[in-house]
Amino acid sequence: MFRIIHKRQLSDAVFEMGVEAPAVARKARAGQFLILRVDETGERIPLTFSDWSAQEGWVRFIFMRVGATTHKLTHLEVGDELADLVGPLGRPTEVGSGRVAVVGGGVGAAVAYPVARAMCAAGDDVTVILGARNSELLILEDEFRALPLKELIVCTDDGSAGRKGLVTAPLKELCEAGALDHAMAIGPAIMMKFCAATTREFAVPTTVSLNPIMVDGTGMCGACRVSVGGETKFGCVDGPDFDGHAVDFEELMSRQRVYVDDERSADAEYSKGCSCHL
Amino acid sequence: MPELDAHERARSFDEVAVGYDADMALAEAMRCLQCANPTCIAGCPVNIDIKSFIGRIIDGDTKGGVEVLKARNALPSVCGRVCPQESQCEAACVLAKKGEPIAIGRLERYLGDSDLSCDIDSRCKPDVAAPSGKRVAVVGSGPSGLACAGELSRLGHAVTVFESLHEPGGVLVYGIPEFRLPKQVVASEVDMLREMGVEIVTDTVIGATYTLADLREELGFDAVFIGNGAGLPTFMNIPGENLNGVYSANEFLTRVNLMKAYDFPHHDTPVWRGRKVAVVGGGNVAMDSARTALRLGADEVFLVYRRTEDEMPARREETHHAREEGVQFKMLCSPSQIVGHEGFVTGMTATRMELGEPDVSGRRAPVCVLDSDFVIDCDTVIMAVGTRANPLLSATTPDLGLTARGYIVADEDGATSISGVWAGGDIVTGAATVILAMGAGKRAAAAMDRWLRVPG
Ligand SMILES: Cc1cc2nc3c(=O)[nH]c(=O)nc-3n(C[C@H](O)[C@H](O)[C@H](O)COP(=O)(O)OP(=O)(O)OC[C@H]3O[C@@H](n4cnc5c(N)ncnc54)[C@H](O)[C@@H]3O)c2cc1C
Ligand SMILES: Cc1cc2nc3c(=O)[nH]c(=O)nc-3n(C[C@H](O)[C@H](O)[C@H](O)COP(=O)(O)OP(=O)(O)OC[C@H]3O[C@@H](n4cnc5c(N)ncnc54)[C@H](O)[C@@H]3O)c2cc1C
Ligand code: SF4
Ligand code: SF4
Ligand code: FES
């Protein structure tokens, strides 16, 4: 049903995959996500659309191998099929804010790409800040360069590409210059937390794209609860985008760790029978 | 009915009630007086001809009995297991006065299961009318959607069911546990619908993948039935509710039932296996959660309810089973806070309650006893305090008339504010029962059939 028609390795542990899903492709918008199951015993995992074509009937996503499900996914090839793929889920990212900085950290760049593209298409004045630990982990740089951005700023922790340092440094400079009407941060929770802390000082409204643990993705289970401004929200239907200045990041990070031990044992179990050395 | 031993079963996901064999079914059926005025029938929300199906069992005509059942109820194996018979058909049986009503549900299950045990070609299959040329979309594959789909298909319409999850069945597959309703039973009933020509499309969220308008305008369906349930979990809004180890009953049961977390890591989905589990609530959902927690290996499971056992909405059979298996009832307690350490639950503070004056529901309202807070030591909390309407579909359907609480407004037949769109089940009534949802689906199907057959 959901046949894989494209696969590309972007870095050691990051892959891009394209899947036939015509109904989903017709409705996908930047910032929304899908939920897939690899096989009949698989977990439901959410991944953000990195690209899609309504005409050709496919969607793409970019994922990092972190545990059993994403590990299984790396072993699928063009022509194989996924057991399930459902979407589009969540609210699309709001565009049209004017002068915007989009910060994409690590695999968050995959989500930042369609967001930046949609903002450009809406006439926003977009600066993209791409961050990674080192040049090997930097993804989608060429794709971003092909967009009509105001500027692309690349940062790596070790200086192996672009500026040396964290994404918050250029973000702060843009804030100081009064060059931003809005900021959008997408990446690991800790990165989003620091981006939000940076822009708060300058009162630049900041959206973050949260990634709590999910099951159904339709509002039915409440696994994806996040606290925003003291209220409990469901990440899958009320988000995934929220006001970064109101999000309780400590709680988010704590809730992301609930199954750490189980996940390790699941991946160990799967890796036993697996010959790859990822 | 024979049951697995309480200690043995409390650790196993096998079905608790084993079911009648032919001799037991006959013996029970023979007790039926075959009344001239069978009061039992009015006790069944879909008015199954109970006297007749029991009569068929007495005559040894199993197939005939199944036909009588199927004329009113598409899922007898399901209803025979999960209907609250003690307050419905069995309560209305003349023998109930003596405290010995006929075990109507168990006989229904016996017939339903004997049909399911046949290979699909020899199962009781309703006659399907000549194709009407009309196409109907059903949103949601819970009991209301399945009943509506089965009936419409029998009436000759081409039916497609759209389900957002990866498996059809609604609460029957994600909520009600395996030990009460084996998933194979639901799967076999769904197979029968497919055999009748119903198409079931999973992984499709109406309101996201397609809007309701798309179904009619782009996909060309002539009419739509909405049976999307009331699946949005509520929490108590007390401090500590987002600690790790706090679940909604929906999440906990979905992980275990639909995703088969009890078989982790052979199934990939994990669930937090608490040693000491507090379940908050007093309905069937709370009982199912408590009994599931035991089966996942908890040492102690507490059921925390703010009234007394008499007010508990759960079925008697379920509270009885739960107690037998070792669930500890903490009545007249209301949680006030969940406490934790490093992000994980370590306990729950509760306040003692006492019963005061009757409230609007006629039940005596619980009131707090001053300074009575105490701590329940636990590492898991499961909130089974009710559900609400899910706004996913209604939010993208501006013309759909809703109540103040977000449920769909529908008349007796299920007709909504949009011509050509019907609704039924929990999304209209609020959380109710399987048989009421099926009844609503079936009534809507009859009305839709009349509407579809009006020329022009
Ligand atoms: C809205 C949303 C969009 C996302 N988009 C992307 C994306 O585009 N690319 C990408 O690489 N990752 C994305 N993620 C994260 C991705 O879902 C997890 O990496 C994935 O579920 C890990 O599964 P696993 O079995 O391989 O690893 P596991 O070993 O099971 O988990 C590793 C970590 O991933 C997280 N996780 C596990 N299960 C889930 C789950 N069911 N739902 C959410 N998080 C989970 C937890 O924090 C966990 O500790 C997104 C998450 C959300 C909620
Ligand atoms: C744990 C539990 C135990 C219960 N025990 C009993 C019992 O013992 N006896 C009894 O009679 N009743 C019981 N009930 C109540 C009973 O299950 C419900 O009343 C009944 O299932 C309602 O049926 P429904 O068809 O309205 O909705 P549901 O069964 O909720 O089915 C709705 C379906 O629609 C799907 N859906 C939702 N939104 C969309 C969308 N936008 N697009 C596509 N699909 C969608 C859902 O995924 C779901 O599959 C129990 C309920 C629970 C939760
Ligand atoms: S459907 Fe339910 S209420 Fe009706 S006869 Fe069967 S068990 Fe009793
Ligand atoms: S009321 Fe009871 S005894 Fe009489 S026909 Fe019905 S089931 Fe039999
Ligand atoms: S993932 Fe279940 S409610 Fe959000």
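Which count do you get for residues in segment A:224-278 that are of a type in the set (Phe, Trp, Tyr) and closer than 30 Å to A:Ala203 by Cα? Summing the residues that are of a type in the set (Phe, Trp, Tyr) and closer than 30 Å to A:Ala203 by Cα in segment A:224-278 gives 3.
Of the strands (runs of 3 or more DSSP E) lying entirely inside segment A:159-229, those containing at least 1 residues that are hydroxyl-bearing (Ser, Thr, Tyr) and crowded, with 24+ Cβ neighbours inside 10 Å span A:206-209.
Considering segment B:281-308, the residues that are within 14 Å of chain A (Cβ to nearest Cβ) and buried (at least 24 other Cβ atoms within 10 Å of the Cβ) include one that is farthest from ligand 1 (Cβ to nearest atom), namely B:Val285. Could you list, ordered by first residue, the pairs with Cβ atoms under 6 Å in which the first is in segment A:170-182 and closer than 11 Å to A:Thr199 by Cα and the second is assigned to a loop (DSSP other than H, G, I, E, B), at least 6 apart or interchain? Cβ pairs passing all conditions: A:Leu174/A:Leu180; A:Cys175/A:Phe202; A:Cys175/A:Val204; A:Leu180/A:Val204; A:Asp181/A:Ser97; A:Asp181/A:Gly98; A:His182/A:Ser97; A:His182/A:Pro205.
For segment A:224-260, a residue qualifies if it is at the interface with chain B (Cβ under 9 Å from one of its Cβ atoms) and small (Gly, Ala, Ser), and the qualifying residues are A:Ser227, A:Ser254. Apart from one condition, B:Glu189 fits all of (1) within 16 Å of ligand 3 (Cβ to nearest atom); (2) touching an Asp or Glu at 6+ places or on another chain (Cβ under 9 Å); the exception is (2).
Is it the case that segment B:259-277 has a residue that's away from every other protein chain (no Cβ under 12 Å), closer than 27 Å to B:Asp299 by Cβ and either part of a strand (DSSP E or B) or touching a His at 6+ places or on another chain (Cβ under 8 Å) (or both)? Among the residues of segment B:259-277, at least one is away from every other protein chain (no Cβ under 12 Å), closer than 27 Å to B:Asp299 by Cβ and either part of a strand (DSSP E or B) or touching a His at 6+ places or on another chain (Cβ under 8 Å) (or both), which makes the answer yes. Against the conditions (1) within 14 Å of ligand 3 (Cβ to nearest atom); (2) touching a Pro at 6+ places or on another chain (Cβ under 6 Å), B:Gly65 satisfies every one except (2). The residue that is nearest to the chain's Cα centre (by Cα), among those in segment A:11-60 that are of a type in the set (S, T, N, Q) and within 14 Å of chain B (Cβ to nearest Cβ), is A:Gln32.
Looking only at residues of segment A:150-168 that are touching a Cys at 6+ places or on another chain (Cβ under 7 Å) and free of Cβ contacts under 8 Å to residues at least 40 places away in the same chain, we find that the one that is farthest from A:Asn134 (Cα to Cα) is A:Thr168.
Bear in mind that the values in this text are calculations on the coordinates, not laboratory data. Just so you know, these numbers come straight off a predicted model, no measurement behind them. Cβ: placed from backbone, ideal geometry, glycine included. Neighbour counts: every protein chain shown.
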